[in-house]
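Comments concern the structure below.
The values are calculated or read from the model by the stated rules, or taken from the named source; none is laboratory data. Being a predicted model, the structure only gives us computed values, none of them experimental. Every residue, glycine as well, gets a Cβ built from its backbone with ideal geometry; the counts of neighbours run over all protein chains shown.
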Amino acid sequence: MVLAGNQFHTRQLATRRHAKESAVRLIRSHHSPRLGAACLAVISLSFPAGADVNDVSFDEPTLDRWMYPFNANPGFQWFASVFGALTNEGFDPNFDNRDGQMLIGFDTSPFVGPGLGPDAYTITSAHVTLTVMTDESFAYDPTVDPYTSWLPTGDPDFEADRDAGRPVELFGAGFRYGWSAPTFPEDGPYCDGCSCFPPNSCKYQRSVYPTDSNPTCEDRDISNNIDERFDPLPFGIGSNDQLMQGDPVPLDTELTFEIDVTDPCVQAYLQQALDEGMLDFVVASIFPAVKQQEGTFPKFYTKENPLVKFDFVSAGRLDMTVEVDDRPGPLGDLDGDGTVGIIDLLILLSQWGPCPPKGQCPADLNEDGSVGIIDLLILLANWG
C-alpha cells in the first residue's frame, strides 16, 4: 500500500524520439533535399504525445527495515543503523563486513503503471532522502573510500583514508531464497532458517543484500567487498550542502542520495523495478561499531518512529521523474512479434486511409487520424 501523502503529477511530452530520428535518417538518405525538408516538416507537426512524464514524490516509504541479524523487531523498529562488523583484530569472520544495513522500498505501481516491459521506462532523475537520528556520531564524507583504507595496517595493500569521515552509500537490492522486490514483506526473514549465533557463520545469508552498478551489471552481493578486495560502485552517496568534509553530522540532518541515472546499469535496475512495480534500495556502509553499544555510526528514522508519525521529522523519501512510453517495442510492430517486417507492412497497407470513427487503428503510427505516407516511413525506418 502506498501511504497517504505520496503524490504524482503527469504531463504529456512529445516523444517517439527513436522512431522520429530513424525516419529522419531514412528520408535524408532516400529523398531529395526539397522533398526531405517537406517530409521532416510533416513529421515534426504530426508526431503524437506518445509518452507520459511522471513526476513521482513519496513522502515516506512503503517499507523500511533494519536488516541486521539480531533485529528482534523486524519491520517495526524505530530506526535503522548502518555499520561494519569490526573488531580490534579487523572484520569479524562470522558476519558480513557491512553488518548493519537498511532496506527501503517504494510501491510505484499506482503511480507508474507496471508490466509494460523495462524498455518502456526512462528515468531522467531520481533521489532518495534519509533523516539522521543520531547527533554528531559520525563525520560527513560525500566521497567514496577505497576498500584498501579498511585493510589492516600491516597489509601490503593498505592505504590510509585520504579524507575525514566515511560515506553513507545507497545501493540496489538483490534477493535470495526466491524472494523479489514485489514479494519480500517489511517483516520478512533476515535469512532462510540460518543461525547467526556462534559457532555458526552469518556471512552471505541475508535474504536482501546490497548490489551495485558494476561494469557488467552483475547482480552481486557487495556486503563483503573488503574480504573480496574490490570497490563497489554505489547508486548514490549521502550528501548535504550545509556540511563540509569531516563535519560531525547533527541530529535531524537530511542526507540526499542523487542516483546516477546516466549509469546504464543503474538505469536498467530502475527500469526493471518500475516494470515490477516495487523499487527497493539498500543503505550499506562501513562504520566502526562496538557490540551492544553505541558507536560512531549513523541511525536513520523509519516510518514507524513516533516523531515521524507526528510529522516532526521525515522518514525516507523518494523523488523521481520517469518517461513512460505507452507503446513499448518498435513502432510498426503491428503483429506484436517483436520485429517489423512484411506482415506488419501488409497490415499497414490494408488499413490505408482514414481511420474508422470507432475502434482501433493500430497502423496509424503517428496518430493523426489516418494511415498514410508518414506511417509507412516510420514503419520502414524501424524495419527489422
Candidates ASP157, ASP161 - the one that is touching a residue at least 60 places away in the same chain (Cβ under 8 Å), in a loop (DSSP other than H, G, I, E, B), touching a helix residue (DSSP H, G or I) at 6+ places or on another chain (Cβ under 8 Å) and of a type in the set (Asp, Glu)
ASP157
Mind listing whichever residues of the range 172-214 are closer than 21 Å to PHE257 by Cα and either over 16 Å from the mean Cα position of the chain (by Cα) or hydrophobic (A, V, I, L, M, F, W, C) (or both)?
ALA173, ALA181, VAL208
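Would you tally the residues in the range 189-213 being within 29 Å of ILE237 (Cβ to Cβ) and surrounded by 15 or more Cβ atoms within 10 Å (Cβ to Cβ)?
Residues that pass the stated criteria total 14.
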What single numbered condition from (1) on the phi < 0 side of the Ramachandran plot; (2) at pLDDT 95 or above fails to hold for TYR177?
(1)
Residue match in the range 114-123 (condition: of a type outside the set (Val, Ile, Thr) and over 26 Å from the mean Cα position of the chain (by Cα)):
no
Residue among ARG220, ARG162, ARG166, ARG176 that is buried (at least 21 other Cβ atoms within 10 Å of the Cβ), in the same structural domain as PHE300 (by TED's automatic domain parsing) and among the charged types (D, E, K, R):
ARG166
Of the residues in the range 299-316 that are buried (at least 21 other Cβ atoms within 10 Å of the Cβ) and either modelled with pLDDT under 95 or aromatic (Phe, Trp, Tyr) (or both), the one that is farthest from GLU136 (Cα to Cα) is TYR301
Return the residues of the range 355-384 that are surrounded by fewer than 16 Cβ atoms within 10 Å (Cβ to Cβ), under 9 Å from GLY332 (Cβ atoms) and of a type in the set (A, V, I, L, M); say none if nothing qualifies.
none
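Confirm whether GLY277 is among the small types (Gly, Ala, Ser), in contact with a Leu (Cβ under 7 Å, 6 or more places away or on another chain) and at pLDDT 95 or above.
Numbers: among the small types (Gly, Ala, Ser): yes; in contact with a Leu (Cβ under 7 Å, 6 or more places away or on another chain): no; at pLDDT 95 or above: yes.
Taking the combined requirement at face value, the residue does not satisfy it.
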Does any residue of the range 247-265 turn out to be surrounded by fewer than 24 Cβ atoms within 10 Å (Cβ to Cβ) and part of a helix (DSSP H, G or I)?
yes
Residues that are of a type in the set (S, T, N, Q) and either in contact with a Pro (Cβ under 7 Å, 6 or more places away or on another chain) or at pLDDT below 95 (or both): does the range 183-194 have at least one?
no
Quick one: in the range 114-148, which of the residues that are more than 25 Å from PHE300 (Cα to Cα) and polar (S, T, N, Q) is surrounded by the fewest Cβ atoms within 10 Å (Cβ to Cβ)?
THR124
Strands (runs of 3 or more DSSP E) wholly inside the range 2-113 that include at least 1 residues being aliphatic (A, V, I, L, M), surrounded by 20 or more Cβ atoms within 10 Å (Cβ to Cβ) and modelled with pLDDT under 90
51-58
Matching residues, the range 295-344, being free of Cβ contacts under 8 Å to residues at least 24 places away in the same chain, within 28 Å of the chain's Cα centre (by Cα) and outside any loop (DSSP other than H, G, I, E, B)
LEU307, LYS309
Restricted to the range 114-143, and to residues that are outside any loop (DSSP other than H, G, I, E, B), among the β-branched types (Val, Ile, Thr) and out of contact with any helix residue (DSSP H, G or I) (no Cβ under 6 Å at 6 or more places or on another chain), which residue is farthest from SER81 (Cα to Cα)?
THR122
